[in-house]
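The values are calculated or read from the model by the stated rules, or taken from the named source; none is laboratory data. Note that the structure is predicted; figures quoted are calculated from it, not measured. Methodologically, a virtual Cβ is constructed for each residue, glycine included, from the backbone with ideal geometry; neighbour enumeration extends over all protein chains shown. Heads up: the accessible areas ignore ligands, DNA and RNA and are worked out on the full protein's heavy atoms, side chains in. Shrake-Rupley method; radii C 1.70, N 1.55, O 1.52, S 1.80 Å.
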Amino acid sequence: MQLINKIKEYLPYYKRNLKVAIPVMFTQIGGALVGLFDTMMVGHYATVDLAAVSFSNALFFTVMVFASGALMGLTPLIGVQDGEMSKYPEKGDIIRRKIASLLQNGLYFTLIIGVITTLLLAVCIPLLGHFGQDAEVVEVARPYYILIVISLLPYLLFCLQKQFLEGLGNTVVAMIIVLTMNALNVLLNWVFIYGHWGAPAMGATGAGIATLVSRVGMPICMFAVIALHRNWRGYLQLFSRSLSSWREICHIARIGFPIGGQTFFETVTFTLAVVVVGWISKEAIAAHQIATQVSNLTFMLALGIGAGTTIRVSHQLGKGDLPAVRMASNASIHLVIMMNTIGAAIMIGLRHYIPLLFTEDAEVIAIASQLLVFAGLYQYSDGLQAVGAAMLRGITDVKVPMLIAFVAYIVVGLAVGYICAFPLGMGAAGIWIGFIVGLTFAAVLFHSRFNRLYRRLLHNVSHHS
């Protein structure tokens, strides 16, 4: 009876969280599906192309995730302003100008970070042969890598617009655009990977062309929607030289860079894992890529819930409703546990069949089946740490979480993974044990910190009242 009453109490919060989270889930899954479809379709073309795509994406995503993560700071900044506007409608014009300032200076920030990160990735092009990968893999990877590097800046411009709309509480537009562009990506994969409609069969390079076209289309479509929407267009019309501010850009950077650093440390763990698994064999790296792509789908669900959490928490914080901050956070914890339980059951239960979607190579299938067990087991830690980080972002606490991420992912996770993989002789499975340990460490520290900061917020409110 007590459980039923608790569910009834949380039901409105589940609904509100899911209202903003579900479109983000589809958006995140859509983004992950680009890599998944590339992996599946290239894997059926050739194992060496599958390894090349895996290697290239590992390097690219390390930088891309940092850059796109740095833009995530705009969501809570805009969300708090939007929450204040609903609480103080008489200040609407002033608050709308603040939001326009965040968007305009966020655009400058995006261009700066986009150009810098693109140049950093470009520097790696002549160095691809120095990461210990097979020469055949490097040769196939180079043209694919160049194409996805070119796609970075358009993708970041899309992320800027996406974070802006999410801060205003709209998550549907990005979902529709991502899913549409993904459909285009799959079609172009079919054309350019296998050679249809008169195009030559280009394998991994064809996948790169498809990805570039779809990522260029995303910001174009998003800008068209914002420019045509009556309310959102108003923020663009407020753009002016007087709003340009290095102080605002630095403020966005102070919130965004720690978030980018946090996502970077998590991603670099997986990137280095790909490099390390590549030392074992090309079959091991292909199997690792399969397990990673599958587990990424459930992680995208967790990120969707996390993004919804950041939006809901920042809005309630702007309204000054701290009990709602706690309830929205707890509701997200319940949701991610439920969803990742389902994901874990699917991965472990279908571990012998899922690899068949990617390859016919018997050795790759055998290794991937083993890795999917570990991928299923780490779902809880992965989901809880993602939501914990999102809860902290909602209250704009970002610096300490970045340090926690560094220790958990790099110091703990990678060290344990390397020890299990090589000294203990567990191979690729040892890397995944490291993932489980590192992510569990992060989850515990993120949630402990949020609880401590929430109690401090309550104390401050009671002290001032």
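Points to keep in mind about this one:
- Rg over Rh, two decimals, segment 354-465 (C-alpha only, Kirkwood Rh): 1.17
- Helix 74-87 axis, angle to the chain major axis (alpha carbon atoms, nearest 10°): 30
- With Cα atoms defining each centre, segment 257-286 and segment 311-349 are spaced 27 Å apart in the structure.
- Segment TYR108-GLU90, length gained on full extension (0.36 nm per residue, minus Cα span): 3.5 nm
- Restricting segment 209-304 to GluC sites (Glu not before Pro) that sit in a DSSP loop and have at most 11 other Cβ atoms within 10 Å of their own Cβ leaves nothing.
- Of the residues HIS229, HIS130, HIS352, the one with the largest accessible area comes first in the ranking HIS130, HIS352, HIS229, computed with a 1.4 Å probe on protein heavy atoms.
- Principal-axis tilt of helix 92-123 within the chain, Cα atoms, nearest 10 degrees: 20
- R0 of 35 Å, Cβ-Cβ distance ILE125-HIS229: FRET efficiency to nearest 0.05: 0.35
- Axis of helix 152-167 versus longest Cα principal axis of the chain: the two differ by about 30°, to the nearest ten degrees.
- Solvent-accessible area per residue in the chain equals 40 Å², computed with a 1.4 angstrom probe and all protein chains kept.
- In segment 135-258, Rg over Rh equals 1.09, where Rg is the alpha-carbon radius of gyration and Rh the Kirkwood radius from pairwise Cα distances.
- Cross-link pairs LYS91/LYS399; LYS19/LYS162; LYS6/LYS162; LYS19/LYS91; LYS19/LYS319 - those with Cα-Cα distance over 24 Å: LYS91/LYS399; LYS6/LYS162; LYS19/LYS91
- Once the chain from LEU187 to LEU357 is taken as fully extended at 0.36 nm per residue, the excess over their C-alpha distance is 59.4 nm.
- For the chain, the C-alpha radius of gyration divided by 2.2 N^0.38 Å, with N the number of residues, is 0.97.
- Once you reduce segment 159-220 and segment 117-137 to the center of their Cα atoms, the two points are 24 Å from each other.
- All distinct Cα pairs of segment 368-410 go into the 1/r average, and the inverse of that average, the Kirkwood radius, is 11.7 Å.
- DSSP loop chymotrypsin sites (Phe, Trp or Tyr not before Pro) with at most 16 other Cβ within 10 Å: longest gap in the chain: 1-196
- Calculated FRET value between GLN370 and TRP197, using beta carbons and R₀ = 41 Å, to 0.05: 0.55
- For segment 325-368, taking the reciprocal of the average inverse distance between every pair of different Cα atoms yields a Kirkwood hydrodynamic radius of 12.5 Å.
- Taking only Cα atoms of segment 268-373, radius of gyration then Dmax in Å: 18.3, 58
- Accessible surface of the chain, 1.4 Å probe: 69 percent of it comes from carbon and sulfur atoms.
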